[in-house]
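To start, the structure under review is shown below, and the notes come after it.
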Amino acid sequence: MFSQRELERYKRQMMLFGNEGQEQLKKSTVVIAGAGGIGSPVALYLAVAGVGTIKIVDNDMVEQSNLNRQILHNERDIGKKKVDSAAETLQAINPDITVWAIHTTIDAKNAKSLVGNADGIVDAMDNFPTRYLLNDVAIVKKIPLFHGAIRGFYGQATTIIPGTSACLRCIFPKAPPKEVFPVIGVTPGVIGAVQATEVIKYLLNKGELLTNRLFIWDGMRSLAEDVRVEKNPDCEACGTKKERRQKRK
Ligand SMILES: [Zn+2]
């Protein structure tokens, strides 16, 4: 059931998917790993769309140098925990959703419980080791993972539905070297909006997802393309050969 305020708020999107679709969004829980450049637009768009529960996880504090892209935070948030600043912004923009702010570093010990029984996991991280961790938890728990990554004017996104599509390790078996990379805020804006679109479509069970496709954005050329990717039978996370090996044991 929706309040008058919610009905008014969601009026224009309920033209697309009705009361039923809006209910679907309201009863969903999405975990966003990262409250930075990518996490900001993803969280904002999921919040305004009315995704009922958003769990946002980050271990950082807001710094001045974040503000060229991390649009959940503003000048007054410097020094605050990013998740607290994120929760304040999200609740101010939509008081009808629940936001969980979890200030922690995602690691092998806590990843599973942080994800819980969410309906989707958004990879809004800035490093591959944590991405692989989220990927592996997504596969074990059979929860979709919405990947996004950026560098400069370039970005990429893909959607992983465990069991049916290529996983992050199938597509990127080796992590790129860790670095402090350049970034302009519009790039995570584009990629985060793509990821949020994927989450919404998945929750509504509508449209065609970015499964087995890597979406690539080149902002300098204003060019978007998608590249076919395939499940690797030898993949250490989702490979069928691995499943056979485990069954034999
Ligand atoms: Zn895989």
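The values are calculated or read from the model by the stated rules, or taken from the named source; none is laboratory data. Everything quoted here is computed from the prediction, not taken from an experiment. Cβ atoms come from the backbone with ideal geometry, glycine included; neighbour counts cover every protein chain shown. Calculation scope for accessible area: heavy atoms of the full protein, side chains included, ligands and nucleic acids excluded. Shrake-Rupley method; radii C 1.70, N 1.55, O 1.52, S 1.80 Å.
Going through (1) more than 16 Å from the ligand (Cβ to nearest atom); (2) within 22 Å of LYS142 (Cβ to Cβ) one by one, VAL186 falls short only on (2). The conditions of being open to solvent by less than 60 Å² (accessible area, probe 1.4 Å), assigned to a helix (DSSP H, G or I) and not aliphatic (A, V, I, L, M) are not met by GLY79. Residues in region 107-123 include at least one that is open to solvent by 40 Å² or more (accessible area, probe 1.4 Å), hydroxyl-bearing (Ser, Thr, Tyr) and either out of contact with any Lys or Arg (no Cβ under 6 Å at 6 or more places or on another chain) or without any contact (Cβ under 8 Å) to a residue 24 or more places away in the chain (or both).
Within region 53-66, residues that are open to solvent by 40 Å² or more (accessible area, probe 1.4 Å) reach partners that are of a type in the set (S, T, N, Q) with beta carbons closer than 8 Å, at six or more positions or on different chains, in the pairs ASN59/THR104; ASN59/THR105. Taking region 152-249 and the helices (runs of 4 or more DSSP H) fully enclosed by it, the elements with 3 or more residues that are in contact (Cβ under 8 Å) with a residue 12 or more places away in the chain and crowded, with 17+ Cβ neighbours inside 10 Å are at 168-171, 186-204.
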